[in-house]
1. In the range 13-27, what count of residues is obtained for those that are free of Cβ contacts under 8 Å to residues at least 60 places away in the same chain and either surrounded by 15 or more Cβ atoms within 10 Å (Cβ to Cβ) or under 14 Å from residue 72 (Cα atoms) (or both)?
2. Scan the range 13-52 residue by residue and report those that are farther than 16 Å from residue 85 by Cα and not in a helix (DSSP H, G or I).
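Derivation of every value follows stated rules applied to the coordinates shown; laboratory data play no part. Because the structure is predicted, anything quoted here is derived from the model rather than measured. Cβ: placed from backbone, ideal geometry, glycine included. Neighbour counts: every protein chain shown.
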Amino acid sequence: MKDKQKRKKERTWAEAARMVLENFSDAPMTPKQILHVIQTKGLKEMSGTAPLACLVTMLHSQVRGDRVKNSIFFKLPGRMSLFTLKVLHSEIGLPSAAGR
């Protein structure tokens, strides 16, 4: 039991968000939707008063600048904060950000 709690506590925002997008969604999601699943499924132990701000910051930092090439996340172009996994993005044929 302690081992399971330890893994949940040590899980990062990126790992929790990846789990949500891989296992609980078949479409792009907003950070609010991702956070709701993280909380209801207990995928990450949360402390502090602004878990949504932490999640949003992580997602946006992953899809901008130098991190884009190595990121597992993809932000849909032209949409306010809709995210998916790069693998899912290529599988379902969504437009790429490079085309904009």
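1. Of the residues in the range 13-27, the ones free of Cβ contacts under 8 Å to residues at least 60 places away in the same chain are 13-16, 19-20, 23-27.
From the residues that got through so far, the ones that are either surrounded by 15 or more Cβ atoms within 10 Å (Cβ to Cβ) or under 14 Å from residue 72 (Cα atoms) (or both) too are 13-16, 19-20, 24-25.
Residues that pass the stated criteria total 8.
2. Across the range 13-52, the qualifying residues are 42, 43, 44, 45, 46, 47, 48, 49, 50.
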